[in-house]
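Some notes on the structure that comes next.
The values are calculated or read from the model by the stated rules, or taken from the named source; none is laboratory data. The shown structure was predicted, so the numbers you read here are calculated from the model rather than taken from an experiment. Glycine also receives a Cβ, built like all others from the backbone with ideal geometry; neighbour counts cover every protein chain displayed. With ligands, DNA and RNA removed, areas are computed over all heavy atoms of the protein, side chains included. Shrake-Rupley method; radii C 1.70, N 1.55, O 1.52, S 1.80 Å.
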Amino acid sequence: MSTRSPLVTLLADEAPSATFPPFVRARSTTYRVQLVTKRAVDVIGAGILLLVSAPILLVAGLVIRLTSPGPVLFRQERVGLGGATFTMAKLRTMVVRRADVIDLAEVYDCENAVCTKRPEDPRVTPVGRFLRRSSLDELPQLWNVLVGDMSLVGPRPVVRYMLEPYPAVGEARARMRPGLTGLWQVLDRSASESVLAMAAADLTYVRRFSLLLDARILRATIPACLRGEGAI
């Protein structure tokens, strides 16, 4: 019998199409204090991690330039706090001629409006596969955290078209800054890679946000990345 992370128990039976209840917690003093503390942790944590990871970023950038023509960074518009759009940066892991083209037929298997990501993305370079498995490609997003576009923990930032079929999910996710890591990223996802499952995890996080939950997710992120399962 396999042992699953305790965080899995937080993933309630959320229906992405369900109406999200009034967000009364926003008027709670305790909730607002937690948000202020969360932002302070983001600034301090991202600043320290940027300094520590600078040598890794330099080496990774050099390897990318030597092994694949094109820029070191891949930038894309994602949906953030309040539904606003921001530019998210990642180390480039795809070939340039197709890195900015989303060909869903090659990346996802879709049936009955439910899309499941294929194990291998043909657009990813050999170096990119390592960067993705180790989650090193996400390190530039520490700058997004530092400037306030993102948080260390939160729903994963997604492109707007992914939210269009699920307006209730988009509205709920917009109440929190998107995260460098989150509940979905540290769950055992071998059984389901569907967009709906990710949406359920995001809704659970928004509903149950607390600094303690953030701490548990951050603690679970490190071993997930070391095992190559984080894909944050």
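General remarks:
- Residue check, A15 within 22 Å of the chain's Cα centre (by Cα), at pLDDT below 90 and within 24 Å of W184 (Cβ to Cβ): yes
- Test: residue in segment 128-145 that is open to solvent by 20 Å² or more (accessible area, probe 1.4 Å) and in contact with an Asp or Glu (Cβ under 8 Å, 6 or more places away or on another chain): no
- Meets criteria (open to solvent by 70 Å² or more (accessible area, probe 1.4 Å), modelled with pLDDT of 90 or more and closer than 29 Å to E171 by Cβ) for L81: yes
- Residue check for S151: modelled with pLDDT of 95 or more, under 22 Å from V43 (Cβ atoms) and among the hydroxyl-bearing types (S, T, Y): yes
- Scan of segment 190-232 for residues that are open to solvent by less than 10 Å² (accessible area, probe 1.4 Å), part of a loop (DSSP other than H, G, I, E, B) and modelled with pLDDT of 90 or more, ordered by number: F209
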